[in-house]
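Novice: Before we start, here is the structure in question, set down as structure tokens.
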Amino acid sequence: MTRHAAVRALGLTAAALGLAVGASAVAPAAAAPTGEVKIGLAAEPNTFDPHLTVGRNSQIFIVNVYDGLTARDAQGNLVPALAESWKRLNPTTWQFTLRKGVKFHNGDDFNADSVKFTLDRATNPETKATIGSELSTIARTEIVDPFTVNVVTKAPDFLLPVRLGELFGLMLSPKHTNAVGKEAIATRPNGTGPFKLVTWAKNERLVLEANEHYWRGAPKVKTITVRPILEDAARIAALQTGEVDLISPIPHVRIEELKRNSKLVIKTIPAPRIFHVTIDVRKPPFDNVKVRQALNHAVDVNAILKSLYFGYGTRLATVVDKGALGYDPSVRPYPFDPNKAKALLAEAGFPNGFETELDSFTGSIADHNKPAEAIVGYLQKAGVKVKQNVFEFSAFGPRRVANQTAPLFIYSIGNSYLEPSWVIRWLTQGGLGMHYKNARLDEMLTRIEATDDRNRRAQQYGDVQKLIKDEAPFIFLFQADSVFGMSNRIDYTPRPDETQWLYTLGLKG
Amino acid sequence: MSGRVERESAPVSPALRAPSVGLAWLARLARRSPLATVGAVIVGLVIVAALAAPLLATTDPIDQDLTIVLKPPFWLEDGSLRHPLGTDHLGRDVYSRLVYGARISLAISVLAALLGAAVGVAAGLVAGYIGGRVDAIIMRVVDLNLAFPLILLALAVVALLGASVKNLVIVMSITTWMIYARVVRGLSLTLREQEFVQAIRALGAHDARIIARHVLPNVLAPVMVIWTLEIARVILMESALSFLGLGVPPPTPTWGRMLAEGRDYLTVAGWISIFPGLAIMVTVLGINFLGDGLRDLLDPRLRRQT
Amino acid sequence: MRAYIAARLVTAVLVILGVSVVSFFLTFLTGDPAEIMLPPGATAVQIAKFRAEWGFDDPLAIQYWRFLRRAVHGDFGVSLRHGQSSLPLIAARLPATLQLTVTAMLLAIVLAVPLGVLAATHRGGKIDLIAMGVALLGQSVPNFWLAIMMILLFAVSWGVLPTSGRGGFAHVVMPAAAIAINLMALLTRLVRTTMIEVLAEDYVRTARGKGLREVFVHTRHALPNALIPLVTVVGLQFGYILGGAVVIETIFTWPGVGLFTIQAILNRDYPVVQASVFILATAVVLINLAVDLLYVWLDPRIRVA
């Protein structure tokens, strides 16, 4: 992001924030948080130690207690948070100017010390940070003055401001963290965020209380109780009976039924989770691009979206999701055409198809098994005999990393950076189960990553998508909508990046 | 694909042994225990369905058609006789899946129970007949296995080996062999001390021969009863593992899988899970009726009192 | 008697040790958790680095030694996922599981004893048929299915019970019933069988001969003796009940050991799995031990054997 873009983004939020800040300054009594909202979620965070979170489910929740240097708005744009602005001093140095007057929940001041302490802790091997890989580009953090820090990276990293936002840049208080010790920080967080953690009985309930001195202005709701409700039917039942006011996720099949309930409001939003089938391009016959294209023609993705997701999803032409920077609608998806598929297979020398295997798994953040089953069904019809293997997700992960997957496996990657290059780099790394690698593609991406201007980056992604589509190293699928159900007494707008941001949550009337 | 389904069903035949003794036997059973008769009839029907699945099924059980998903059974509005029990989330015929599901579910549970019985009976015979340190070791292994939460054991093993028919059979047999071992050990312990066995031994017969010729036949009746009841338990366990996402991989239809798959659709398309649920219930009920009846007939202590 | 108890104690300790060894190797064999603990973008180098940091790449023997040395002191290590010591984490969930399983057991016994006695005293009659039918039906329902049906019926349609979670007594009703139903069926059959045997015994005939009323004969003379095997079976079933509780705790998000352990297995959180298996196995072994001793106390003939 250039200074220009940063300033523009800043202006945007300043307008939005002006209201909240102004309101709390003029009439703090009127803005005081009130009431209680109960939430039922399928998963709870594993810890409130931001450096030891495991899985998206943790990261998307603990942002309610902490702040990053940057944040995202309701549209997914990067906006200032604990940093008021940031700029690139040179290819490997980012400078962040910090917000003044921000306090942690316990009254500690937020300043450059906090940033240095937090980033040093995250990159210190002794922390054994689970998110270490996402911050591994950081070489060191330098304090310029109490409210200015320079973060030096090992190589140019255009994504650093995003990394140091809500994803992996949540800020800790040095004093508190050192005082309570490593084990206790998991359950006794001290952030600058809109809510304080009051009690947490794992698998039972988690209670948040409004931080009345929040720098954006106090949140609207005083108490938020989060209950993990694992079983879909039980979670929906809890919403229907009024035990909770807000739930997520909801199986798509239940949407229409719940929409008919006048006491409930159902909201859906495209999630940046890109479903695809990875093809092992090293192994014949998949080294033949015609075979890969045939597979893409063989699967009726629209029918899958209609029958399994009841239309709450978006067909994708490649592995770039619709909300991502530079999504190019002119790159059209492979049309469903079984005859074309058969013809392509015949051209490739497989008029009678061939036999192969496809891996899928259960127990991950989304249901991969049902779409996989449908895909296998379509491939059968095109003459490709597919044996489907099902693993528990935790058993599949090691297989993928050890390159022991079947030639085909279904997967989904959450584009949490909302930036295609991050996703594509990972998907075409030529290892960890993803064997496609293309020097030309890498070159294009490197050029994009060196471009600070968002708009100019966006334009270049069109060619990338064309190339990936033609090469077809995946069966391109879809992104599914996230589904939120709420009672009509609350007001909540889900975010497009999966983050469960409760600051904007309010009670009606 | 149906070729694979057929191969897997071959081991169903051992189940036939129990009720195929003949009409006279059935008549005797009917007089003594009406419930057992009902059980025998149910089990018989399920076995017939399993064996004749290719004849009974109206369509290929794994043939999907996404244009006709979630169609209701024929007696409901929008239903048709083409899919008498409706279609599932991938437009597959619930009735045909149910019929083929009988094969897989029965085959898996009969096999698992059989494997468990074989291991358990062998362990029990050896422990009871030989006694001493061997007995102590075997019984400690039994205790250990019993103390290990079974579903956790099953979960860990399936997670380790991956879900497949073979692995499920192994896992479920691990959870069932102990009960045979305990019962058979107790019985062979008593048998060993009995005069006729002592006499044979005095005549110089080999231990292995004594076990095979004289001890084993005497423990078969209670083993038979336990085996029947364990099949019922294993059917339920298969459905529990399917519920946890660790059952037989798709698209192979099993009742447990169908039940687990259909649970999201309960309020929208209940037939997907209600029919396999009923199938499981009725079959397990039938097996339990039969097992109880067998016990009444075979257990000498109970027979004495009638 | 003392020698008997001592011998039973020794085997109990051996069994618990055995269980912990098996659980260690089982979890080890399922592979290490590096891939599922790291964000999806992690590269091969980062995964290797993470493995080394956590000691997952040490040889099996060294890891086992480390495990054993700590385990003797009751320390199963820090949960990989929760960052807290695993044994206290599990121990904190024990009350919830005990509340659920004990309620389920009591519920099963309260229902099974009268049903079994009725069936036995009306043997061959209609009541017997109905009682046995009910019992066997209970043993034939997949309990997770029953649980979901109950939620839809009692919580959503009728609104009389809470949907899930732990709270007051109302919260425990559905999960306990879902667990109890299988046990109830088993116990009903057991009570019926033993009751039939006991009713044929001489002393019961004598009591009857003295002209005592049937109900009195049944409850005062026959029933107490019929209950002895019940104690054993309930004890033996405890392991199965804990197993069944795993699925039911998942459906109702009951914050017990079963749910916690299943999540730990799926997340490869070894320290928690090992601590949990240790605690559950110890509970099963101790209860079986207690049952054995109770049995000896109830039925002096065992002592001779």
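Novice: If I model region B:188-306 as equal point scatterers sitting on the Cα atoms and use the Debye formula, what is log10 I(q)/I(0) at q = 0.16, 0.18, 0.21 Å⁻¹?
Specialist: For region B:188-306, the Cα-only Debye profile gives -0.82, -0.92, -1.07.
Novice: Can you give the average number of partner chain beta-carbon atoms within 10 Å of each beta-carbon in peptide A:302-308, as a whole number?
Specialist: Numbers: counts 1, 6, 2, 1, 3, 10, 4.
The per-residue average across the peptide is 4.
Novice: Another question about this same structure. Would you work out if region A:49-128 is rounded, prolate or oblate? Take a ≥ b ≥ c from the square roots of the eigenvalues of the alpha-carbon gyration tensor; rounded if a/c is under 1.5, else prolate when a/b is larger than b/c, oblate otherwise.
Specialist: Details: a/c = 1.22, a/b = 1.13, b/c = 1.08.
Rounded shape, in that the Cα axes give a/c under 1.5.
Novice: Right, here's the next one. In peptide A:234-245, what is the residue-averaged number of other protein chain Cβ atoms found within 10 Å of each Cβ? Write out the running numbers ahead of the final one.
Specialist: Working: counts 15, 3, 6, 11, 8, 2, 6, 8, 1, 6, 2, 0.
The shielding value for this peptide is 6.
Novice: I've got another one for you. Tell me the chymotrypsin sites (Phe, Trp or Tyr not before Pro) within region C:87-195 that lie in a loop according to DSSP and have at most 13 other beta-carbon atoms within 10 Å. Before the final figure, lay out the partial values.
Specialist: Details: sites: C:PHE144, C:TRP145, C:PHE154, C:TRP158, C:PHE169; in loops: C:TRP158.
Filter output for region C:87-195: C:TRP158.
Novice: Now for a separate question. Assign unit charges at the C-beta atoms only (+1 for Lys and Arg, -1 for Asp and Glu), then state the dipole size of region A:384-509 relative to its Cα centre in Debye, rounded to the nearest 20.
Specialist: Numbers: 16 positive and 14 negative charges, 65 e Å.
Charge dipole, region A:384-509, about its Cα centre: 320 debye, nearest 20.
Novice: Next question, about the same structure. Loop only per DSSP, at most 15 neighbouring Cβ atoms within 10 Å: give me the trypsin sites (Lys or Arg not before Pro) in region A:458-509, ordered by residue number. Walk me through the numbers on the way to the answer.
Specialist: Values: sites: A:LYS466, A:LYS469, A:ARG489, A:LYS508; in loops: A:ARG489, A:LYS508.
Those satisfying the criteria are A:ARG489, A:LYS508.
Novice: Hey, could you get me the Stokes-Einstein D for region A:257-357, Kirkwood radius over alpha-carbon pairs, 10 °C and 1.306 mPa s, rounded to whole µm² s⁻¹?
Specialist: On the way: Rh = 16.0 Å.
Result for D is 99 µm²/s.
Novice: When chain B is modelled as a GNM with alpha-carbon springs shorter than 10 Å, which of B:GLY79, B:GLY124, B:GLY204 fluctuates the most?
Specialist: Taking springs between Cα atoms under 10 Å, the residue moving most is B:GLY204.
Novice: I'd like to know which of B:ILE62, A:PRO80, A:LEU208 lies farthest towards the positive end of the charge dipole of the protein assembly as shown, counting +1 on Cβ of Lys and Arg and -1 on Cβ of Asp and Glu.
Specialist: The listed residue farthest towards the positive side: B:ILE62.
Novice: Mind giving me the nanometre distance, one decimal, between the label points for A:ASP463 and B:ALA212, set 7 Å out from Cα along Cα→Cβ?
Specialist: 7.9
Novice: Looking only at B:PHE243, B:PHE74, B:PHE289, which one moves most when chain B is put into a Gaussian network model with springs between Cα atoms under 10 Å?
Specialist: Most flexible of the set in this elastic network: B:PHE74.
Novice: Give me the dipole magnitude in Debye, nearest 20, for the protein assembly as shown about the Cα centre, with unit charges on the beta carbon: positive for Lys and Arg, negative for Asp and Glu. Could you put the intermediate results ahead of the total?
Specialist: On the way: 110 positive and 88 negative charges, 344 e Å.
So the magnitude is around 1660 debye.
Novice: Here is a further query. Cα convex hull of region B:124-207: mean projected area in nm², to one decimal?
Specialist: Working: hull surface 26.8 nm².
For region B:124-207, averaging the hull's shadow over all directions gives 6.7 nm².
Novice: Evaluate the relative contact order of chain A (contact order divided by residue number), counting alpha-carbon pairs under 8 angstrom at least 6 apart; express in whole percent. Before the final figure, lay out each step's value.
Specialist: Details: 1043 pairs, mean separation 100.3, N = 509.
In percent, rounded to a whole number, it is 20.
Novice: Hey, another quick one. Among the trypsin sites (Lys or Arg not before Pro) in region A:131-208, which ones are in a DSSP loop with at most 15 other Cβ atoms within 10 Å of the Cβ? Mind listing them?
Specialist: Working: sites: A:ARG140, A:LYS154, A:ARG163, A:LYS175, A:LYS182, A:LYS196, A:LYS202, A:ARG205; in loops: A:LYS154, A:LYS202.
Here the sparse-neighbourhood loop sites are A:LYS154.
Novice: Is the shape of chain C rounded, prolate or oblate, going by the alpha carbon gyration tensor and its root eigenvalues a ≥ b ≥ c, with a/c under 1.5 for rounded and a/b larger than b/c for prolate?
Specialist: Numbers: a/c = 3.38, a/b = 1.71, b/c = 1.98.
Taking the square roots of the gyration eigenvalues as a ≥ b ≥ c, chain C is oblate.
Novice: Compute the Rg to Rh ratio over region A:416-509 from the alpha carbon atoms, using the Kirkwood formula for Rh, and round to two decimal places. Before the final figure, lay out each step's value.
Specialist: On the way: Rg = 18.5 Å, Rh = 16.3 Å.
Rounded to two decimals, Rg over Rh is 1.13.
Novice: If you don't mind, another one. Length gain on complete extension for the stretch A:LYS154 to A:ARG447, per 0.36 nm per residue less the alpha carbon to alpha carbon distance?
Specialist: On the way: separation 293, 0.36 × 293 = 105.48 nm, distance 1.79 nm.
Stretched out fully, the A:LYS154 to A:ARG447 stretch lengthens by 103.7 nm.
Novice: Now, a different point. Dipole magnitude of region B:65-172 about its Cα centre, charges +1 at Lys/Arg Cβ and -1 at Asp/Glu Cβ only, in debye to the nearest 20? Display every interim value, and only then the final one.
Specialist: Numbers: 8 positive and 7 negative charges, 60 e Å.
With only Lys, Arg, Asp and Glu charged at Cβ, the dipole is about 280 debye.
Novice: Taking every pair of alpha-carbon atoms in region A:341-453, what share in percent sits in each 10 Å bin, from 0 to the bin with the longest distance?
Specialist: With a bin width of 10 Å, the distribution comes to 12, 32, 34, 19, 3, 0.
Novice: For q values of 0.12 Å⁻¹, compute log₁₀ I(q)/I(0) with the Debye formula on a Cα-only model of region B:33-160, without solvent.
Specialist: With one equal scatterer per Cα and no solvent, log10 I(q)/I(0) is -0.74.
Novice: Given the peptides A:294-305, B:244-255, arrange them by the average over their residues of other C-beta atoms within 10 Å, most packed first.
Specialist: With the highest mean Cβ count within 10 Å placed first, the list reads B:244-255, A:294-305.
Novice: Once label points are set 7 Å from the Cα along Cα→Cβ at both A:THR34 and A:ALA139, what is their separation, rounded to one decimal in nm?
Specialist: 5.5
Novice: At a Förster radius of 35 Å, what calculated FRET efficiency corresponds to the Cβ-Cβ distance of B:ILE130 and C:ARG123, to the nearest 0.05?
Specialist: On the way: r = 40 Å, r/R0 = 1.15.
It comes out at approximately 0.30.
Novice: Then there is this: Compare C:ALA170, C:ALA52, C:ALA222 in a GNM of chain C, Cα atoms joined below 10 Å, and give the one with the largest fluctuation.
Specialist: C:ALA52
Novice: Give the Debye-formula value of log10 I(q)/I(0) at each listed q (0.05, 0.10 Å⁻¹), with one equal scatterer per alpha carbon of chain A, two decimals each.
Specialist: -0.20, -0.83
Novice: So, one more: Summarise the partner chain shielding of A:313-325 as one whole number: the mean count of Cβ atoms from other chains within 10 Å of each residue's Cβ.
Specialist: Average neighbour count from other chains, rounded to a whole number: 0.
Novice: How long are the semi-axes of the equivalent ellipsoid of region A:133-217, taking √(5λ) for every eigenvalue λ of the Cα gyration tensor, in whole Å from largest down? Each step should come with its number before you reach the end.
Specialist: Details: eigenvalues 160, 50, 40 Å².
Taking √(5λ) for each eigenvalue gives 28, 16, 14 Å, largest first.
Novice: Here is a further query. 222 nm [θ] for chain B, helices only, -39500 (n - 2.57) per DSSP H run of 4+, per residue, to 500? Before the final figure, lay out each step's value.
Specialist: Values: 16 runs with 217 residues, N = 306.
The per-residue figure over chain B is -22500 deg cm²/dmol.
Novice: Let me ask something else. In chain B, if the dipole is taken from +1 on Lys/Arg beta carbons and -1 on Asp/Glu beta carbons about the Cα centre, which of B:ALA107, B:SER188, B:VAL284 is farthest to the positive end?
Specialist: Looking along the dipole axis, the top candidate is B:SER188.
Novice: Calculate, axis by axis, the spread of Cα positions in region A:54-205 along the three principal axes, and write the results as whole Å, longest axis first.
Specialist: 48, 36, 31
Novice: In the protein assembly as shown, if the dipole is taken from +1 on Lys/Arg beta carbons and -1 on Asp/Glu beta carbons about the Cα centre, which of B:GLN198, C:MET184, B:LEU45 is farthest to the positive end?
Specialist: B:GLN198
Novice: Applying 1/(1 + (r/R0)^6) with R0 = 30 Å to the Cβ-Cβ distance of A:ALA343 and B:THR58, what FRET efficiency is obtained, to the nearest 0.05?
Specialist: For A:ALA343 and B:THR58, the calculated efficiency is 0.40.
Novice: Take the alpha carbon atoms of region B:39-111, find their center, do the same for region C:31-110, and report the distance between the two centers in whole angstrom.
Specialist: So the two Cα centres are separated by 42 Å.
Novice: Over the residues of region A:392-444, compute the C-alpha Rg and express it relative to 2.2 N^0.38 Å.
Specialist: Working: Rg = 12.1 Å, N = 53, 2.2 N^0.38 = 9.9 Å.
Here the answer is 1.22, to two decimals.
Novice: Mind jotting down the three principal axis lengths of the protein assembly as shown based on Cα atoms? Whole angstrom, largest first.
Specialist: Computed over the Cα atoms, the extents are 102, 69, 62 Å.
Novice: Tell me, Kirkwood radius of region C:74-181 from alpha-carbon pair distances, in Å?
Specialist: Values: mean 1/r = 0.0606 Å⁻¹.
After inverting the pairwise mean of 1/r, the radius is 16.5 Å.
Taken together, the values in this text are just the output of simple stated rules run on the coordinates, not laboratory data. None of these values were measured; they are calculated from a predicted model. When we count neighbours, we look across all protein chains shown, and the Cβ atoms used for this are built from the backbone with ideal geometry, even at glycine.
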